[in-house]
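What follows is a set of notes on a single structure, which appears directly below.
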Amino acid sequence: MIFNKYMCLVLSAVSFILTIPHAAAYDPMDPNGNITLKWDVKSWTSDGYVAVVTMNNFQMYRHIMSPGWTLGWVWAKKEVIWSMVGAQAVDQGDCTKFKGNIPHCCKKNPTVVDLLPGVPYNQQIANCCKAGVVASWGQDPSAAVSSFQLSVGRSGTSNKTVRLPKNFTLLGPGPGYTCSQAKIVRSTVFNSPDGRRKTQALMTWNVICTYSQLLASRYPTCCVSMSSFYNPTITPCPTCACGCRDKKKCIVSDSKLSSVVGIHTATKDNTPLLQCTQHMCPIRVHWHVKTNYKQYWRVKITITNFNYRLNYTQWTLVVEHPNLNHITEVFSFVYKPLTPYQSKNDTGLFYGIKFYNDLLKEAGPEGNVQSELILEKNANTFTFKEGWGFPRQVYFNGDECMMPQPDEFPETETETESSRFAGGEFMTIEREEEEEERRPSCCQFSNTCKSASCLLLSPRHRRRAEVMEFKNQANPTHKVDLEVETCCSWSWLKFTFLAVLCCMVLSPAAAYDPLDPTGNITIKWDVMSWTPDGYVAAVTMNNFQMYRQIISPGWTLGWSWQKKEVIWTMVGAQTTEQGDCSKFKAAIPHCCKKTPTVVDLLPGVPYNQQFTNCCKGGVLASWGQDPTASVSAFQVSVGQAGTSNKTVKLPKNFTLFGPGPGYTCGPAKVVPSTVFLTADRRRKTQALMTWNVTCTYSQFLASKNPSCCVSFSSFYNETIVPCPSCACGCHNKKNCIKSDSKLAHKTGINTPKKDNTPLLQCTHHMCPIRVHWHVKLNYKAYWRVKISITNFNYRMNYTEWTLVAQHPNLNNVTQVFSFGYKPLLPYESINDTGMFYGMKFYNDLLMEAGPSGNVQSEVLLQKDQNTFTFKQGWAFPRRVYFNGDECMLPPPDAYPALPNSAHVNSISIFKMAASVLLILFSICFSLS
């Protein structure tokens, strides 16, 4: 099933955004969701202060369940905690220095947990003692708060002498949260119980903690299956959707172990005990399109728990679907629409009814909850085709669930029938005839000539001749000799020769990629406002390269000022050096260098340092993989510059590292000002001035040698064609490590260096990456290829890797297993290039060299009877790119050959003839 372009764009953009590091501080379904820790100093003591710490969970659908939150920090000086109310430190620490009163905790880095319900009243404070359980803001705002009080000693006794705690950590209850540094804010105002008097905290500081599913777990914690009334096929959860690391410890549903006493007892580390399934997920959400009415349609949702050691209290389910803006009725569940963006109303929150089904029990007969929805149809958008009836994203308890691939969604009957007859022979010939009418031809088909000039035949003539011969042959791989004569003139041959010669002489790789001719990185400067001595500009970096991303440690941007400009402030990025700012007495600029160098901020920085599309650690996705993640931006305030369009001097000599060399940037060029839309899309604003800088990539500038190589093998030849020797240069030959060496298992061997110097495994090709293409099987109408990518670098793992292959049969890809696939169409008339990439949460991370340092996939391709053959290396790719760099292929004469077309060894024949002559001479000599 083929999704339309808009649907594919939305699905890829939403599903991909959590895989890159910037997701550590951003959730597209809950962009403002965070946990805010507020410290209010209520009074000063003789050696410190008494503070009330309040934890507010502003996340709409992510709560903290049992065993509750754990909060930690590091004191800036030698502070101690004299006493606590409503919480306790888990470790008292070394308090031997104290002789009289013994502090509650003397540790430099205390760890605090909530008290259990039912503690004495003198140990309680408002909103405390819930065992650390905090509801989500969308479910119950009144229960989304937790508080405790502490008395701090050996600390400052005024606003000027108090040092704020640092390095906050929050577990809720597991990892996943990243906390910012404490920041002093306006003092909190409190109302008295009767509401007639206001009091104010003496000092207040905030800490903001944001959640990342990648930090919480390497694998998803739930998956989605689908079914419908119009298709008997049930689409299950993807295999090993949540990883198969617990496959050996799981319990079969009908096993006697599932009834053992104590099987449901949770462990201290919350290790799950799962029921054996093909997906191995603790939670499965099943979406069933149940009934179709005239004006409505009905959906049934079932949530099943496969974990024997955990039941979920106050669970939440978030679903994104375009028809959720017309929900008529929800049975058995409570529903609340979520509108993270005012212009969209396609997301909803489901949760259980209190005392009825708000508890999802552990795995077993009662380990599931169900509901049904009735949705009103929108005549403009409603359809059951192309998987429209199924959700775009599903979250359970705040974690995104693994969805089946879009082409696996249940299809309607009309889609199934149309897919069978979508690409027949007649359609291909008709299309070629239309192209042939527009193409001048000077060669005629004939049966009397065997000439090399038959290569100049038009594709239609060549394919038709091969089709006629193919139908008469029992073996489709049998080579057919076409008899052709040519009427091509000498002028035509001369023109062709000159064209080919020009293409060979003019190297396209300097600033041009033939597989991505329009690929570049565009840096746009938008002047948003003028200041007394300069301007404030928003700088946006768009990666328009289809398959070349910028990996960690990210991009580095530099330029030269034309005058004596300085950077007063930056938001969303920072310069690596401040430079000499000794001339400034009052306000000190952020950077005074003539040639500033700028880098992106890391995820998790405080919100006052963030800017739209910033703070990803400099990582940029490729445009082909995820357009929404291929943007990075920051804001800069420039001083001692022009204050109008006529007096501003554009920066010059731009440089870009991504993260290494390879990019060449053109000069800044003034372009029409950018137009911006407000959030409600009812008003347009415009930049005061805009200029662009275009940067293109060259592999020759990036590295003297290739960074990957390709090896071949096939089922019809036992020979394995390895990568060429020293394909990537042998300059690291002396520093490599053998695979069976003890150094490969040494602690710290996988730690990357600052300069990203590789540490390779010793091989004959000495490449960090090897791509192996194996022609695996041959069917009647299809053939199968296995692709393996192996990492030989001990110091680098590749996140969001891409593999681009060029092969004429990629226009008939039937199915790709284990990899994501997207055809690339650099030229409208050619469809022979495709991009492969890893599946989210499954194999989008290529680990460093070792047992896990490889990813594999198989590709099923449909044969084109006009072109298909196994002879002359046709089954192997023409070009291969890994992460945007072209790999070295073996020479064509080394490709695996068919047994009946093996090359004849002329030397062996000469030796045989000489031996025969020698025997004849010896016989003649003996007879004489």
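Quick note: the coordinates plus some simple rules give every number you see, no bench work behind them. None of the values given here were measured: they were computed from a predicted structure. Virtual Cβ from ideal backbone geometry, glycine too; neighbours counted across all protein chains shown.
Taking K and R as +1 and D and E as -1, what net charge do the other residues with C-beta under 11 Å from the C-beta of A241 add up to? Around A241, the surrounding residues sum to +2. The Cβ shell under 13 Å around H772 holds other residues with a net charge of +2, Lys and Arg each +1, Asp and Glu each -1. Partner lysines whose Cα lies under 23 Å from the Cα of K198, excluding those fewer than 8 positions away in the same chain, are identified as K38, K42. Neighbour counts of C-beta atoms inside 10 Å place F544, F841, F409 in the sequence F544, F409, F841, starting with the fewest. Among the listed pairs K524/K616; K249/K776; K294/K354, those with a Cα-Cα distance over 24 Å are K249/K776; K294/K354. Legend: P(r) of segment 87-145 from all alpha carbon pair distances, 10 Å bins from 0, whole percents, reading 20, 35, 30, 11, 3. Compared with the direct C-alpha span, the chain from E828 to E366 gains 160.8 nm at full extension, assuming 0.36 nm per residue. Charge tally for K77 (other residues, Cβ to Cβ under 13 Å; Lys, Arg +1; Asp, Glu -1): +3.
Full extension of the segment from T518 to T381, taken as 0.36 nm per residue of separation minus the current Cα-Cα distance, would add 45.9 nm.
Within a 10 angstrom radius of the beta carbon, how do T664, T595 rank from fewest other beta carbons to most?
Numbers: T664 16, T595 13.
Sorted ascending by nearby Cβ count, the order is T595, T664.
Extension gain, K780 to L164: 0.36 nm times the residue separation minus the Cα-Cα distance gives 214.5 nm.
Straight-line cross-link reach from K746 at under 24 Å between alpha-carbon atoms covers these lysines, not counting any fewer than eight positions away in the same chain: K733, K734, K738, K754.
How high is the relative contact order of segment 521-701, given as a whole-number percent (alpha carbon pairs under 8 Å, six or more residues apart)? Mind showing how you got there, number by number?
Values: 470 pairs, mean separation 55.1, N = 181.
So the answer I get is 30 percent.
Cut-off is 10 Å between beta-carbons; in what order do C767, C250, C276 appear when sorted fewest neighbours first? Provide the component values of the computation, followed by the final result.
On the way: C767 30, C250 18, C276 15.
By the 10 Å Cβ count, ascending: C276, C250, C767.
Restricting the trypsin sites (Lys or Arg not before Pro) of segment 771-808 to loop positions (DSSP other than H, G, I, E, B) with no more than 16 neighbouring Cβ atoms within 10 Å leaves K780.
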